[in-house]
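Derivation of every value follows stated rules applied to the coordinates shown; laboratory data play no part. Source: prediction; values computed, not measured. Using ideal geometry, Cβ is built from the backbone for each residue, glycine included, and neighbour counts are taken over all protein chains shown.
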Amino acid sequence: MDTGWTQDLLNWLTANPGWAGFWVFIMSFVESLAFVGILVPGIILLFGLGALISLGAMDMFPIWLWGSAGAFAGDFVSYAVGRRYRNQLPETWPFSRFPRMLERGRDYFRVHGPKSVVVGRFVGPLRPVIPVTAGMLGLTLRRFLIVDIPACIAWTPAYLLPGMLFGASLEVASEYAGRMSLVLIIAVVVLWLTWWVIWTAYEFLASRSARWMRHVIRWLRRHPIFRRIAGPLLDSTQPEVLSITMMGLLLVMVFWGIVMLLLLSPFSAHPQSIDQAVQAYALALRNHIADVVMVALTQLSRLWVLIPTSMAVLLWLIGAGRQKAALHWLVAMGGGVILQILLAWSLRATPLLSEGEANILYDPSAALTLVTVVLGYFAVMIARELKRRKRKWPYAITGLLLSLLVLARLYLGLDWLSGALMGVALGMAWTFVVGIAYRQRALRSFNGMAASLIFFGMLAATFTWQVDQNLEGDIAALKLPLPQREIKAQDWWQGEWQSLPRERTHLKSVTAREFNFQFAGAPEHLGQLLAAHGWQKAEPANWRWSILSMNPEPSEFTLPPLKKDYLGHADSLLLHRLGGDPSSQETIRIWDSGVRLKPTGQTVYLGQVAKEVLVQRMKVFSYWHAIPAARRNLQQLVEEAAGLQIKWGGDSMLLVRSSQVSAEP
């Protein structure tokens, strides 16, 4: 389904906000119509409008009113059609072409009654079907209106809210770490695609997998050679350990053969070039805010998270008397560990890596193999214990966790793209082998709720522990290096300063993006000099900042400024001066430029003097927005930085250095 036109519509609505209400009504109306709503991506429009609302481009109340009105109009038309043509609809296109859709709506309505109208309003596949089904099955108009009107009123803000939060996040990200905006967009797209693929694939496979399995068994009976290899896996009377081991060995041999053919073939430059392109793009996205999140996510692949979680489930299965399930779990986890070791050892010496002089950080992902087995096989086991309509949830959760982990490891440069995909593919293949054996042999059920609490509880506990233990060290180890350069101190002072970057970011939405002074010296020295004039170091912001930003009446004293990003690094010094207007403050920030002065080795910092004002969105979220400093602000810095050598490099650029820098031998 092509949804590119929705972006064009959003762009047009940004330029013509007066028409927003009309188009929201039309989209909400069409999306609510029987069957037609499945083909119209109205949710994408509401998500985009929510982002525009959070950015202050339009008001929420008119969008809420028109969206609810359109949703109710579409539901009412569908209900009226179902009530009027209840007998003819099943034989009418498109319902005659897709009878399963109407049957699903009927089944759901018969089980849940009028409340299905409320639930269906918020569930995409049911939204265009439930109203027409309600009319067909005789729901009275009065009861339909009682449940549908409140549902439509609540539906619009519910679907605007994610876009509003996303828009606010993008605005803050572009202000403080412009690259973070792209990271957020990529993460949302990847997670949405993962969800959609898993949901679609499950719906497709759920009704066909049993039939395919029967065909496979009949085919194996007609082919003795393949029956000897794979037959025991599907035969519940055969020992599961032997059959799984045979299939596992075959799997490893086939997988290794494919990998070697790929890497040693004449086309090996193509995966290598793609890997390098992805790695280069990931490096371009690095920023100090996303680094913390991504490093934390990578703790999910640590052995001290996966092994204790696996052992907890194994001990519970043994204690619950589920020896067969425990045996399969042990085989799955043991095989995952062995595959991880083999993959890390055997692929390390491939030409693709040795020619690129890659180190241990860029090995093909053995870690992803084990985490895929642990998460994937638990999803296979637990799905068997759930009702049919809920079995897709374990697979969806596993897919989302794996997608986040792969994204984090690629972002940090811990894996090549090909290595990550191979690691996940091998883990999924092994999970598939053991999962088939378990499904063929497992006769007794177990308490899925208890197993889930143990698995996810231990996973959360060990993950939190590993984040606490390793976060700071991993951030330091994986910190993105700055491009280094040396300049003679006098050359920098006389004019070479013009070769240094002039902008912190190229995003046009960031108004104060230009540097307006350069400083050569110790940041602590600068901070001490300016402290006498009311400048003070800003308190380092942490997770509490997100709570403080929700204060409906923020001020310079209650909401601290956040660090800003330059080339993936936070500012080395952040000073602010308080006591004036409660909705504004002055700030001084400096960033390491990567330039070192010869012969002293002193660092040159890129600085920015700015005025920052409070911006409040949706009346519940606030942040500091920087405004470019006027010349008088720079002149004030000249007066307050007495004791340092200062000269103007232009109308909007100051050069500042300590006396030690100018004292060349």
Note down the nm distance, to one decimal, between modelled labels 7 Å out along Cα→Cβ at Phe432 and at Trp196.
2.3
What is the spin-label model distance, in nm, from Ser584 to Val123 if the labels are put 7 Å beyond Cα along the C-beta direction?
5.4
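Compute the FRET efficiency between Arg106 and Ala532 as 1/(1 + (r/R0)^6), taking r as their Cβ-Cβ distance and R0 = 60 Å, and round to the nearest 0.05.
The formula returns an efficiency of 0.15 here.
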For Lys392, go through the lysines and keep the ones whose alpha-carbon is under 25 Å away, minus same-chain ones fewer than eight residues off.
Lys115, Lys324
Using only the Cα atoms of the stretch 278-324, each taken as one equal point scatterer with no solvent, compute I(q) by the Debye sum, divide by I(0), and report log10 of the ratio at q = 0.14, 0.19 Å⁻¹.
-0.56, -0.71
With just the Cα atoms of the stretch 485-662, tell me how far they stretch along each of the three principal axes, in Å, largest first.
52, 33, 29
What ³J(HN,Hα) values, in whole Hz, does the Karplus curve 6.51 cos²θ - 1.76 cosθ + 1.60 give for the stretch 643-648 when θ = phi - 60°, with x put for Gly and Pro?
x, 9, 7, 9, 8, 7
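Rank these for me by crowding, Asp468, Asp275, going from fewest to most other beta carbons within 10 Å. Provide the component values of the computation, followed by the final result.
Values: Asp468 11, Asp275 22.
In order of increasing Cβ crowding within 10 Å: Asp468, Asp275.
Apply 1/(1 + (r/R0)^6) to the Cβ-Cβ distance of Ala461 and Gln490, taking R0 = 51 Å, and write down the FRET efficiency to the nearest 0.05. Before the final figure, lay out the partial values.
Details: r = 58 Å, r/R0 = 1.15.
After rounding to 0.05, the efficiency reads 0.30.
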Say each of Met311 and Met618 gets a label point 7 Å from the Cα, pointing the same way as Cα to Cβ; how far apart are those two points in nm?
4.3
Quote to one decimal, in nm, the extra length available between Arg577 and Met449 on full extension: 0.36 nm per residue of separation minus the C-alpha distance between them.
40.6 nm
To make sure I understand, if each residue's beta carbon is the centre and we count other beta carbons within 10 Å, what order do Phe72, Phe519 fall in, fewest to most?
Phe72, Phe519
Output ³J(HN,Hα) for the stretch 185-202: one whole-Hz value per residue in order, computed from phi by the Karplus curve 6.51 cos²θ - 1.76 cosθ + 1.60 with θ = phi - 60°, and x for Gly and Pro.
4, 4, 4, 5, 5, 5, 5, 5, 5, 4, 4, 5, 5, 5, 4, 5, 5, 5
Within the stretch 155-176, backbone nitrogen closer than 11 Å to the virtual label 7 Å beyond the Cα of Val188 toward Cβ:
161-171
